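The values are calculated or read from the model by the stated rules, or taken from the named source; none is laboratory data. Predicted, not measured: the structure shown is a model, and the values here were computed from it. For neighbour counting, all protein chains shown are included, and Cβ atoms are generated from backbone atoms with ideal geometry for every residue, glycine included.
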Amino acid sequence: MATKNYTGNHDLSGATVTLADKAIAIAKLADGTDGELITWDAAGVISTVPTGTSTHVLTSNGAGAAPTFQAVGAGQATYDAIVAASGGDYTTLGAAITGGATNIFIKDGTYTETGNIVCPSNCQITGESFRGTKVVMTGYTLTFGAQNRIQNFWITSGHDSDTCIIGGGWVFLRDMFFENTLGGGSFTTQRGMVTDNNVAQIRFYMENCYFDLTPFSNVEYPNLSGVWIQNAGSNYHYYDNIQLGGALTRNLKAFDHAGNAALISNMNFLNVGKTGVGSMFIRGDNCTLTNINITNGDMRIELNGDQNTLTNVTADDANADVYIDGEGNCVSNAALAGQIITSANAHHTKISNSTPAGGVSISGDYNSIVGSTVGALAGGGAATITVASGAQSTTISACHVDADISDSGTDTSTDYVIY
């Protein structure tokens, strides 16, 4: 007797029946509980997944166990939009923002944007990987709104414009890679990979970010800053574990900060600078800089504001200097192949426990250098402390110098050893 595959209604008495594939319509299934899903249990027997509650997500329990609906646990994330080349909700970040999404995940891939993007307040954007997810903003600007959290992807531009604008307070950038590929010194005016657009913004956080300035190799004045905070009202910004640089970058304004009360730690400059010109400008007041490292770069750190503190700075180039042009600044534990210089505008500066191999040059009034080693013992040549004509009431205490100090100042107090 031939086997038949039946569909529809048949009298099956006394017969062996094989149902055709895809023959059972949904309407033929037994009614169940609203919200349950069909599954197979650990024994391979058909079963259902009990319903969860609102906000629960379907969670795999691994091989040999049925899935269950569970509350989102700590460290897990849910998104209201997926950006992907295929299979996602949108194919560009701009389309996701235009569509109203505020919690966006971007899959690995390269996404070329076709217009400016303005993120709303309370927006979160997460990339799948630091270097695998790239958003190309050539010719356009990405603006972050208040309380945005932006993390784990690459933003690139190739245009004479700012790349990213901090458009609100409490913006958090983490695990980000920034670059501008225009090159050739073609910037008509100063631009920033990240900037406040000269609008005061309070509390901006940046952590584990890298700024690639490589396209500006050997360009003397490219006018591009990795970070450019222009407004003195952009206060209480925090930076930790930031790297700026690339290969042979002749960038003069890599980090340019006018805001007050910034906390800057673990910032590294690689192959950045031009002798005698600042690449790290601190124009604001009451900023704290800790663990600043300059590698293979003849750049200058400039403290142009007042009451700033620079601690634990290293520089391995003989032309890498610390230049002080404000009042009440403090420099300590500075291990420099270059110099520490105070201008005629720098008063009440305190330099302590430092080893500037290139020497110390003091101008201005009421400045002091304490417990420091200058010159050969610090790894340099014949260097010493020079007090300029017109400098008043300089204090030199417990210092070691390579040669007798050069003092043309007034009321200088000295306590030093020539080695």
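Per-structure values
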| read-out | value |
| --- | --- |
| Only listed residue being over 18 Å from Met206 (Cβ atoms) and either touching a strand residue (DSSP E or B) at 6+ places or on another chain (Cβ under 7 Å) or among the hydroxyl-bearing types (Ser, Thr, Tyr) (or both), chosen from Ile155, Ile117 | Ile117 |
| Yes/no for Ala63 being at pLDDT 80 or above, farther than 30 Å from Thr112 by Cα and not assigned by TED's automatic domain parsing to the domain that holds Gly100 | no |
| Pair list, Cβ < 6 Å and 6+ apart or interchain, from segment 293-311 residues that are more than 22 Å from Gly233 (Cα to Cα) to residues that are of a type in the set (Asp, Glu) and buried (at least 24 other Cβ atoms within 10 Å of the Cβ) | Arg300/Asp321 |
| Conditions (1) touching a helix residue (DSSP H, G or I) at 6+ places or on another chain (Cβ under 9 Å); (2) among the hydrophobic types (A, V, I, L, M, F, W, C); (3) crowded, with 19+ Cβ neighbours inside 10 Å: number failed by Ala346 | (1) |
| Leading residue by the ranking (modelled with the lowest pLDDT) among those in segment 66-81 that are within 30 Å of Val45 (Cα to Cα) and of a type in the set (Val, Ile, Thr) | Val72 |
| Residue list for segment 22-40, filter: farther than 30 Å from Tyr79 by Cβ and surrounded by 10 or more Cβ atoms within 10 Å (Cβ to Cβ) | Ala23, Ile24 |
| Only one of Ile294, Ile369, Ile385, Ile351 that is more than 26 Å from Gly226 (Cα to Cα) and at pLDDT below 95 | Ile385 |
| Residue check, Gly183 touching a helix residue (DSSP H, G or I) at 6+ places or on another chain (Cβ under 7 Å), at pLDDT below 95 and part of a loop (DSSP other than H, G, I, E, B) | yes |
| Sole residue being outside any strand (DSSP E or B) and aliphatic (A, V, I, L, M), chosen from Ala335, Ala398, Ala318 | Ala318 |
| Segment 401-418 - residue that is of a type in the set (A, V, I, L, M) and assigned to a loop (DSSP other than H, G, I, E, B) and, of those, surrounded by the fewest Cβ atoms within 10 Å (Cβ to Cβ) | Ala403 |
| Members of segment 186-214 that are part of a loop (DSSP other than H, G, I, E, B), at pLDDT below 90, within 18 Å of Ala254 (Cβ to Cβ) and not aliphatic (A, V, I, L, M) | Ser186, Phe187, Thr189, Gln190 |
